[in-house]
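Q: Just dropping this structure here.
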Ligand code: C2O
Ligand code: CU
C-alpha cells in the first residue's frame, strides 16, 4: 500500500508529465481501483469474518487524497460477480465521468474496466461509491473517501476521516443480510443495519493529546440511517457541509444531523482532561453511545488555539438571479402509510396494490423511477429553483449530482451550499442552483432502497 506521501508524489508526478490523450482513451491506463470480494474482520473479534465487497478489498476503500485542481485518474477493475460503476459523490466535474450506470456510462461488466479521469475543482470532503444496484453494492461495502486538500492547509494538528455506516449482519454468522430488495425495507425507512461502525471498525478509538485541534471529516455511507451526533469532551465548529466551506465556522451547540450521502467537516479541540476519554456521541433512541472514542493520552505542549478561521472558499459559490430563475416542482409521494393510490410505472398507470406487487413504492410527480424526458431542462448558466414537497411520512435525503445547491429558506435568504438535502415527512422545501455544469444529472433519494423503488429522476443542463 502506498503511504500518503508516496501517493501525493505519484499524483504530482503525473500532473507534471501529463498523460498522452490516446493513453487516456484506452482501457487500464491508470493505477487501479480493484473492486473485489474479500473477507474482513468487521464484527468484534469473537465473531466470524464477514464477506464484503470493497475497493482494493478494503473497508472503507483506499482513500483518494489529492490537492484542489488536480485530476483523479484511476482505472476501475471489476472483479465482482456483478456489473458496477463508480460515482464521485459531490464532485462538480465532467458528466461523462459521473459514473451513473444507465445514464452517463454503461455498467462495467465482471472482468471489465473503466478509466475515470476528471479534475477536482473544489477542496473538501467527498466520497466515491458504486452506482449500479447501489442499494446492494453500497451495503456490501463499495465506498471510500475522496479528500481534496486546500492549497492553503488549515491550522489543525490532525486530519481524521470518519466514514460512518451501519451494516445489516446475521447475528449468528456475521454475514451481510443478502435480501437487498425486501418489501418492508423499500416501503418504510430503508435498509437499517444492526451493527454500526466507523471506518469499518467497531468502536473506533483514536488516542489524542489535550488541547490539540483535529479536523474530523464525517461521511455518512449508510444505506438509510440518519446519524444524530454530539460532542463530549470536545469543543467544535462546523467548517464545511457536503465539502463546501461555510463563510464562518459555526460553533457546535446542537445535535449534528448527518443524512445518508452527507458530509460534515468539523474542527474540534480536545478539552477533556488527561486520563479521560472524549467522544463523538451517537444519539440512538434518546441514548448516547460512543461512535468514536478519543482517549486523552497526554497533556500537549501547546495551548489551545483561538476560534478557527474559515476554510478558503471554493470557486463559483454564488447562486444569483433568483427572480429570473426557471421554476420547477417535485412532489414526492408513496411509501407505507402514505396517500399515493396510483402512479405511472413503466408507462402504465398502476394502482398502489399493483405497485406493491411490483415492489415499487415511491413516485416523483406521480411517476415511479427514471423517465425518458428529464424533470427539467435548463440552459447553461440559468438559475433553477426547485420546490420539493415531501408528501410521505418518511424522511428522504435528496442528492443532486454535478452541482451544489442552496436552500431558499423560509425568510428568503439562501442557506449553505449542499449536495444532499434532508427533508422530513410533510415538509415543503425549496432549493436553488446555477445550472453551470452541462450534462444529464441524477437527482434521487440517498436512502438507496427508496432510489431503487422509485425515487430517482434526472435533469438536463444544455451545453
Ligand atoms: Cu452518492 Cu447518486 O449518489
Ligand atoms: Cu427516500
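Since every read-out is calculated from the coordinates, none of them should be taken as a lab result. These figures come from a predicted structure and were not determined experimentally. Don't worry about glycine lacking a Cβ; one is built from the backbone with ideal geometry, like all the others, and counts go over all protein chains shown.
Q: Antiparallel versus total DSSP beta bridges in the range 158-299: what percent is that, nearest 5? Spell out each step's value before the answer.
A: On the way: 39 of 51 bridges.
Here the antiparallel bridges make up roughly 75 percent for the range 158-299.
Q: Could you tell me the ratio Rg/Rh of the range 46-87? Both radii from Cα atoms, Rh via Kirkwood.
A: Here Rg/Rh amounts to 1.07.
Q: Can you give me the orientation-averaged projected area of the convex hull built on the Cα atoms of the range 158-299, in nm²?
A: Numbers: hull surface 38.2 nm².
Projected area, direction-averaged: 9.5 nm².
Q: Taking each pair of distinct Cα atoms in the chain once, what is the resulting Kirkwood hydrodynamic radius in Å? Let's see the in-between values first.
A: Values: mean 1/r = 0.0438 Å⁻¹.
The answer is 22.8 Å.
Q: Of the peptides 268-276, 97-105, how do they stack up when ordered by the mean number of other Cβ atoms within 10 Å, highest first? Don't jump to the answer; show the numbers that get you there.
A: Numbers: 268-276: 17.0, 97-105: 20.8.
Going by the mean number of other Cβ atoms within 10 Å, highest first, we get 97-105, 268-276.
Q: Taking Rh as the Kirkwood radius computed over C-alpha pairs, what is the Stokes-Einstein D of the range 289-368 at 37 °C in a medium of viscosity 0.692 mPa s, expressed in µm² per second?
A: 175
Q: At q = 0.13 Å⁻¹, what is the base-10 log of I(q)/I(0) for the range 326-462 according to the Debye formula with one equal point scatterer per Cα and no solvent? Please give it to two decimals.
A: Reported log10 I(q)/I(0), two decimals: -0.52.
Q: While we're here: With bins 10 Å wide starting at 0, give me the P(r) of the range 221-365 over every alpha carbon pair, in whole percents.
A: In whole percents, the pair-distance histogram is 9, 23, 24, 21, 14, 7, 2.
Q: Rounded to the nearest 5, what % of DSSP beta bridges with both residues in the chain are antiparallel? Provide the component values of the computation, followed by the final result.
A: Numbers: 97 of 132 bridges.
Of the beta bridges lying entirely in the chain, close to 75 percent run antiparallel.
Q: Starting from 0.36 nm per residue, how many nanometres of slack lie between residue 298 and residue 377 once their C-alpha separation is accounted for?
A: Full extension of this stretch gives 22.7 nm more.
Q: Does the range 198-272 classify as rounded, prolate or oblate by the C-alpha gyration tensor (a ≥ b ≥ c root eigenvalues; a/c under 1.5 gives rounded; else a/b over b/c gives prolate, otherwise oblate)? Before the final figure, lay out each step's value.
A: On the way: a/c = 1.83, a/b = 1.15, b/c = 1.59.
Judged from the Cα gyration tensor, the range 198-272 comes out oblate (a/c at least 1.5, b/c at or above a/b).
Q: Would you calculate a helix-derived [θ] at 222 nm for the chain, using -39,500 (n - 2.57) for each DSSP H run of n ≥ 4 and dividing by the full residue count, to the nearest 500?
A: Computed ellipticity for the chain at 222 nm equals -2000 deg cm²/dmol.
Q: Continuing with the same structure: If R₀ is 35 angstrom, what is the calculated FRET efficiency for the pair residue 463 and residue 321, using the beta carbon separation as r and rounding to 0.05?
A: It comes out at approximately 0.95.
Q: If you count, for each residue, the other Cβ atoms within 10 Å and average over each peptide, how do 70-80, 40-50, 395-405 line up from highest to lowest?
A: Ranking the peptides 70-80, 40-50, 395-405 by packing returns 395-405, 70-80, 40-50.
Q: How much of the DSSP beta bridge set in the range 304-430 is antiparallel, as a percent to the nearest 5?
A: Expressed as a percentage, antiparallel bridges in the range 304-430 total about 65.
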